[in-house]
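Asks: Got a structure for you, written out below as structure tokens; questions coming shortly.
The values are calculated or read from the model by the stated rules, or taken from the named source; none is laboratory data. Quantities reported herein were computed from a predicted structural model and do not represent experimental measurements. Every residue, glycine as well, gets a Cβ built from its backbone with ideal geometry; the counts of neighbours run over all protein chains shown. Calculation scope for accessible area: heavy atoms of the full protein, side chains included, ligands and nucleic acids excluded. Shrake-Rupley method; radii C 1.70, N 1.55, O 1.52, S 1.80 Å.
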There are 2 protein chains.
Amino acid sequence: MHYPEPISKLIDSFMKLPGIGPKTAQRLAFYVLNMNEEDVVDFSRSLMEVKRELQFCSVCGHITDVDPCYICMDKSRDRSVICVVQDTKDVIAMEKMREYQGMYHVLHGAISPMDGIGPEDINIPPLLERLKDEEVQELILATNPNIEGESTAMYISRLVKPIGLKTTRLAHGLPVGGDLEYADEVTLSKAIEYRTEL
Amino acid sequence: MHYPEPISKLIDSFMKLPGIGPKTAQRLAFYVLNMNEEDVVDFSRSLMEVKRELQFCSVCGHITDVDPCYICMDKSRDRSVICVVQDTKDVIAMEKMREYQGMYHVLHGAISPMDGIGPEDINIPPLLERLKDEEVQELILATNPNIEGESTAMYISRLVKPIGLKTTRLAHGLPVGGDLEYADEVTLSKAIEYRTEL
């Protein structure tokens, strides 16, 4: 099929995005054709800016357009707690909650021997550097509740044990608004194990 | 939620596309973050090119990067037949078939009194200009098989009647590979009406 060159290039670009096949890519490309010029210019520019202006914060590893990032620079936040997460998206999920006021540290992955990812391949050494600061009192290991996340949490907690730092892990249990009948066995057993008194 | 400025702008841009909500837009924006720079530059550039380098062919109204478009310039095509379609995407659908060798005329819409679209609001006058060429023998009215498409076809066919030009309409009937049991009544009645002898 012969599309005009610019359209077929745009279709190819859309198809590189996750979950977008040839049909959707074609639909999106033709939609762009009819969008107003200003919106398309904005779109084109923000694609470049995301790639060129964003970097990882040199302190916590979160994605940012200023270094250090806005969280690390925020004087009102509690510098005694560092929440360790696997991904920059996890920081955003935590921040959406609007309750956590501490700092973050993004690992950019988890230890996974199966994929050949060892402790030195993720952002662990800079974390140990940060822990030398006397101000830090607690490390919340908020890696994902799966095998890789758990072992990464375990690894870090053993590593910092000599420093005598308090390390915690996010609670397991039933999701709020969830249905008991749909909870899997492991979650349910955790929910019983860590039941709280009323 | 505080995203770094470039990301939130990119999320906004993705959300302007059809069928993309906030969650998908966020997923796509973060995916772009991890794409290789070359692909993102290509993406950004093709967005601009689609908007800046594409135009409507001054002859047939198809979208093109050269004027007249590659179809109008193709000397090997049959200039005696013009297929009238509503949309530039219809030209692409026809071309995918690889069987039609005639010319096209894109109306960019259909007559729809309900939406206040009259014959003068769509690309009909240039079509009448083209019909003055003695070479044209047949007009295939391939507007959509719905009320607007049918009335547009009817309107054009009446308009060209005085010229004595052959006007045809695409056949109605069962889709190939379709199931008789799922055909709607109107399609089925058309299929019986226009049944062919074996």
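Asks: With the requirement that a residue be hydroxyl-bearing (Ser, Thr, Tyr), within 19 Å of residue A:6 (Cβ to Cβ) and in the same structural domain as residue B:141 (by the TED database), what does region B:66-102 give you?
Replies: B:88
Asks: Hey, residue A:51 hits all of (1) in contact with an Asp or Glu (Cβ under 6 Å, 6 or more places away or on another chain); (2) in contact (Cβ under 8 Å) with a residue 12 or more places away in the chain but one; which does it fall short on?
Replies: Against the list (1) in contact with an Asp or Glu (Cβ under 6 Å, 6 or more places away or on another chain); (2) in contact (Cβ under 8 Å) with a residue 12 or more places away in the chain, residue A:51 comes up short only on (2).
Asks: Right, here's the next one. Of all residues in region A:148-164, how many are of a type in the set (D, E, K, R) and surrounded by 14 or more Cβ atoms within 10 Å (Cβ to Cβ)?
Replies: Residues in region A:148-164 being of a type in the set (D, E, K, R) and surrounded by 14 or more Cβ atoms within 10 Å (Cβ to Cβ): 2 in total.
Asks: Follow-up. Which one is farthest from residue B:58 (Cα to Cα), of the residues in region B:126-147 that are open to solvent by 70 Å² or more (accessible area, probe 1.4 Å) and not in a loop (DSSP other than H, G, I, E, B)?
Replies: B:147
Asks: Can you tell me which residue among A:119, A:68, A:113 is open to solvent by 60 Å² or more (accessible area, probe 1.4 Å) and more than 9 Å from chain B (Cβ to nearest Cβ)?
Replies: So the residue among A:119, A:68, A:113 that is open to solvent by 60 Å² or more (accessible area, probe 1.4 Å) and more than 9 Å from chain B (Cβ to nearest Cβ) is A:113.
Asks: Mind checking whether some residue in region B:38-52 is away from every other protein chain (no Cβ under 13 Å) and more than 26 Å from residue B:171 (Cβ to Cβ)?
Replies: Checking region B:38-52: not a single residue is away from every other protein chain (no Cβ under 13 Å) and more than 26 Å from residue B:171 (Cβ to Cβ).
Asks: Separate question: Of the residues that make up region A:19-40, is at least one in contact with a Lys or Arg (Cβ under 7 Å, 6 or more places away or on another chain), among the aromatic types (Phe, Trp, Tyr), at pLDDT below 95 and under 21 Å from residue B:57 (Cα atoms)?
Replies: The answer is yes, given that some residue of region A:19-40 is in contact with a Lys or Arg (Cβ under 7 Å, 6 or more places away or on another chain), among the aromatic types (Phe, Trp, Tyr), at pLDDT below 95 and under 21 Å from residue B:57 (Cα atoms).
Asks: Just checking, does region B:79-87 include any residue being in contact with a Ser or Thr (Cβ under 9 Å, 6 or more places away or on another chain), open to solvent by less than 10 Å² (accessible area, probe 1.4 Å) and more than 7 Å from chain A (Cβ to nearest Cβ)?
Replies: yes
Asks: Another question, then. Can you name the condition, by its number, that residue B:58 falls short on among (1) at pLDDT below 90; (2) outside the structural domain of residue B:123 (by the TED database); (3) open to solvent by 60 Å² or more (accessible area, probe 1.4 Å)?
Replies: (1)
Asks: Hey, another quick one. Quick check on my filter: what residues within region A:26-62 are touching a Ser or Thr at 6+ places or on another chain (Cβ under 8 Å) and among the small types (Gly, Ala, Ser)?
Replies: Across region A:26-62, the qualifying residues are A:44, A:46, A:61.
Asks: Any idea which residue in region A:6-23 is farthest from the other protein chains (Cβ to nearest Cβ), counting only those that are closer than 22 Å to residue B:36 by Cα and over 27 Å from the mean Cα position of the chain (by Cα)?
Replies: The extreme case among them is A:22.
Asks: Could you pull out the residue among B:187, B:167 that is more than 16 Å from the chain's Cα centre (by Cα), of a type in the set (S, T, N, Q), surrounded by 15 or more Cβ atoms within 10 Å (Cβ to Cβ) and in a strand (DSSP E or B)?
Replies: B:167
Asks: Right, something else. Give the residues of region B:88-103 that are within 13 Å of chain A (Cβ to nearest Cβ) and either hydrophobic (A, V, I, L, M, F, W, C) or in contact (Cβ under 8 Å) with a residue 40 or more places away in the chain (or both), sorted by residue number.
Replies: Hits for region B:88-103 are B:90, B:91, B:92, B:93, B:94, B:97.
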